[in-house]
Amino acid sequence: MRWFKAVGGTLGLMLLTLVVTGCGGGGGVSSPQVQAGMGWIVGRVALEGAPTSEGVQVVAEQVLQGKTATVRTLIASQDNPTRLRELVEEVQSGRFIGRGPVDGLYSTTTDASGNYRLEVPEGEYWVAVRKESYFAHQLSVQVRAGQTVRVDFLTRQAGVGTVQGEVRLSNEEFNSGILVFISGTSLLAYTQGTIGSYSIPNVPVQSSGDQPYFLLASAAGYGEDGIHLPKLLLTAGETVTAPLIVLSPGITITGRVVSEANPLTPVPGVQVSTSSGQSATTDSQGNFVLRRVPMGEVELLFTKAGFEPLRQRVFPSLGSFHMGDVVLPVEDNVTTISADTTLADDTVWKRDKVLLGTVTVPAGRTLTVRPGVMVRVAAGKGIVVQGTLRAEGEWTVT
């Protein structure tokens, strides 16, 4: 029986990848000079029925672990509120167009063909487009260093109406200055007066098949909470009154759960619970939202079958706290593989293995072997790599 062992050492991460490429000569595609840690968000905006798509505002808002650099959250945290209020007004009025990054915001406008290009540091972004009398759109993207992510938008013309309502803080008498915004758009307003009234103008009307708008309110020490509008906004000039939103003290914690076997793969169906009793389940993209979490130290527990339980402590102190990607460890209880096996998912080996059958890593799948894991292989058997084998450390084969 042969054996090999992954030993943590100077080689770091060693990749063995089977790449299928087309035949051809030595020609290549030239790339722009890459600035360290930077990537690009590019795309095209098409305005339905318009002769040109020039001059559409495209804004990318960066999300950072432990702190959301979006305007809405910084304002909610009361971090330099005067400057941030001015910044929001600039974005809404279009005066922010063409300026450099401010607090994680990157902005540009489309050219005559509707194309745009933003150079941004690697990270997670909300990309939004706005054009007066057209529907606003917003999408989430992940940008890695040296990578170009394409995001195209098709938006149709629409009349606009107004959404109004009130927001109250459950244990406060004064309810002015609370941030209210429509999810998936860059439309927002602040409450005014003791009763916390607000009015959001220039809200695009909807089609009969659309979902009602979802309103979110956010305040420092109260996190976020939201409601759906009771009806669609269907007529230009219409005003829709939203139900009362009451914010209770607490923090909103958000994040995304990804697999240890492949950090690019989100994990749906993960149970997320806190030591103070709040709970949530990750959606199809691995995202979760915990609302009304008390301020101060909180322990989070992540559990799902096939994965090891994970506990993490966080110290949220602002209205919203974004954890970024939470890597969930893969469970590894098998020590002997007795028959020929083809991996159905990305897999991590953390324990010693005895291979009495051949293990095949198919295309599109990754096998990761942790340092110190010893693998004994029976005569005539082995590992067939058609996808990717990651061995962290130095391989010793005898």
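The table for this structure:
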| read-out | value |
| --- | --- |
| Table column - 3J(HN,Hα) (Hz), the stretch 205-214, Karplus curve with 6.51, -1.76, 1.60, x for Gly and Pro | 5, 10, 8, 5, x, 6, 7, x, 4, 10 |
| Pair GLN164, GLU122: separation of 7 Å Cα→Cβ label points (nm) | 4.9 nm |
| Full-extension gain in nm, LEU301 to GLU238, via 0.36 nm per residue minus C-alpha separation | 18.1 nm |
| Fewest-first ranking of LEU264, LEU234, LEU247, using other Cβ atoms within 10 Å as the exposure measure | LEU264, LEU234, LEU247 |
| Other-chain or far-sequence residues with amide H under 5 Å of ASN115's (modelled H) | VAL45 |
| Per-residue HN-Hα couplings for the stretch 219-224 [Karplus 6.51, -1.76, 1.60; θ = phi - 60°; Hz; x = Gly/Pro] | 8, 4, x, 10, x, 10 |
| Paramagnetic label zone (point 7 Å from Cα along Cα-to-C-beta, THR148; backbone N under 14 Å) in the stretch 105-119 | 115-119 |
| Rounded Å value of the spacing that divides the Cα centres of the stretch 140-180 and the stretch 251-270 | 23 Å |
| The stretch 160-247 - share of DSSP beta bridges that are antiparallel (%, nearest 5) | 75 percent |
| Note, ³J(HN,Hα) from phi for the stretch 373-388, Karplus 6.51, -1.76, 1.60, rounded to Hz, x at Gly and Pro | 6, 9, 10, 9, 10, 5, 4, x, 10, x, 10, 9, 9, 10, x, 10 |
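Throughout, read-outs are computed from the coordinates displayed, never taken from laboratory work. Predicted, not measured: the structure shown is a model, and the values here were computed from it. Reconstructed Cβ throughout: ideal geometry from the backbone, glycine too, with neighbour counts over all protein chains shown.
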